[in-house]
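Input: a single structure, listed below in structure tokens.
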Amino acid sequence: MRHKLAAQLYTLRNELKIDFPGTLRELKKMGWSAVQIDGLHGNDPREIAAVMNELGLRTAGMHVGLERMKHDLEAVLEEARLFNTKDFICHSLPGELQNPDGYRSVRDDLRKVAAAVSGAGFRVGYHNHDFEFHTSVEGRYALDYVLELDPAAPVYAEIDTYWVKKAGLDPLGYIRDYAYRMPILHLKDMTGDGRCYFAEIGNGIIDFVPILQWGESSGVEWYAVEQDYCPGSPLDSLAESFEYLMRIEKLATQG
């Protein structure tokens with residue numbers, strides 16, 4: 001399983017703005033074998049790709065804004081080729097789209113992009129927060145509506161365990177509907193102190209062993225670990241999450 005673990009670089013956005021290559025080197029020394037791209041902070045993608053190739057770091061997809069998918073698709077595809085990934089995922093939505101009409105337009109836009117790129121081997125995905133569970137579209141959660149399968153233009157799930165829990169649902173129960181439709185699963189823990197805040201994996205209330213067991217039997221290719229906000233150093237938080245996942249690796253790959 002360890003070869004499927006990826007650090008989501010949003011966790012390290014401030015460090016990357018200061019020293020992108022140096023931060024990647026720290027992740028490699030920590031034991032990570034892959035990262036998930038979340039913006040390049042003004043760096044040349046060719047230079048960052050060269051550093052990753054030098055380090056042997058693989059790419060577990062890229063987070064990309066919907067507007068960029070729609071209006072800068074060729075550049076997105078060029079970056080995907082440079083980083084040797086076939087996955088690019090819509091990472092969030094502005095508030096003005098978080099309503100039934102907005103989700104209808106988002107689904108339509110994502111399907112158009114998917115139809116344009118799937119023949120070339122690329123996959124379009126959608127990453128959730130909790131707000132998609134606060135709106136119903138045609139009798140379903142907005143997230144399920146956006147991710148409804150269109151075989152001609154598939155949009156893949158990238159479910160985030162924390163945000164499902166934040167919405168009051170059971171992460172394991174929810175992801176079961178997306179077996180073999182979720183190449184990347186986001187692992188994120190939640191504090192149990194009533195604040196329901198972000199926590200290092202293993203320090204919160206989400207049980208990741210059955211989630212990982214499900215992932216290993218349901219087509220998950222990458223487990224992207226993200227922590228939106230960290231109490232101290234984000235590098236220390238990622239190290240703590242990685243060490244915990246290594247401790248439960250044997251259990252997670254059984255059953």
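Atom-type composition of the exposed protein surface of the chain places 49 percent of the accessible area on carbon and sulfur (1.4 angstrom probe). Residues whose amide H comes within less than 5 Å of that of Gln227, counting only those at least five positions distant or on another chain, are Thr11 (H built at 1.01 Å from N in the peptide plane). Cross-link pairs exceeding 32 Å in C-alpha to C-alpha distance, out of Lys28/Lys86; Lys112/Lys250; Lys17/Lys250, comprise Lys112/Lys250; Lys17/Lys250.
Ligands, DNA and RNA excluded, the heavy atoms of Arg140 present near 70 Å² of accessible surface to a 1.4 Å solvent probe. Per-residue accessible area (protein heavy atoms, 1.4 Å probe) orders His129, His186 as His129, His186, starting from the largest. Packing, as the average of other Cβ atoms within 10 Å across residues, places the peptides 195-201, 70-76, 24-30 in the order 195-201, 24-30, 70-76, highest first.
Using only alpha-carbon positions in segment 120-159, the gyration tensor eigenvalues give semi-axes of 21, 12, 5 Å once each is multiplied by 5 and square-rooted (largest first).
Here is how the number arises for the chain: DSSP H runs of 4 or more residues each give -39500 (n - 2.57), the sum is divided by the residue count, and the result at 222 nm is -11500 deg cm²/dmol. Full extension of the chain between Ala115 and Leu149 yields a length gain of 11.0 nm, computed as 0.36 nm times the residue separation minus the alpha carbon distance. The rule of thumb for compact globular proteins, 2.2 N^0.38 Å, goes into the C-alpha radius of gyration of the chain 0.96 times.
The values are calculated or read from the model by the stated rules, or taken from the named source; none is laboratory data. What you see is a predicted model, and the numbers here were worked out from it, not measured in a lab. Neighbour counts run over all protein chains shown; Cβ positions are idealised from the backbone, glycine included. Just the protein is used for accessible areas: all its heavy atoms, side chains included, with ligands, DNA and RNA removed. Shrake-Rupley method; radii C 1.70, N 1.55, O 1.52, S 1.80 Å.
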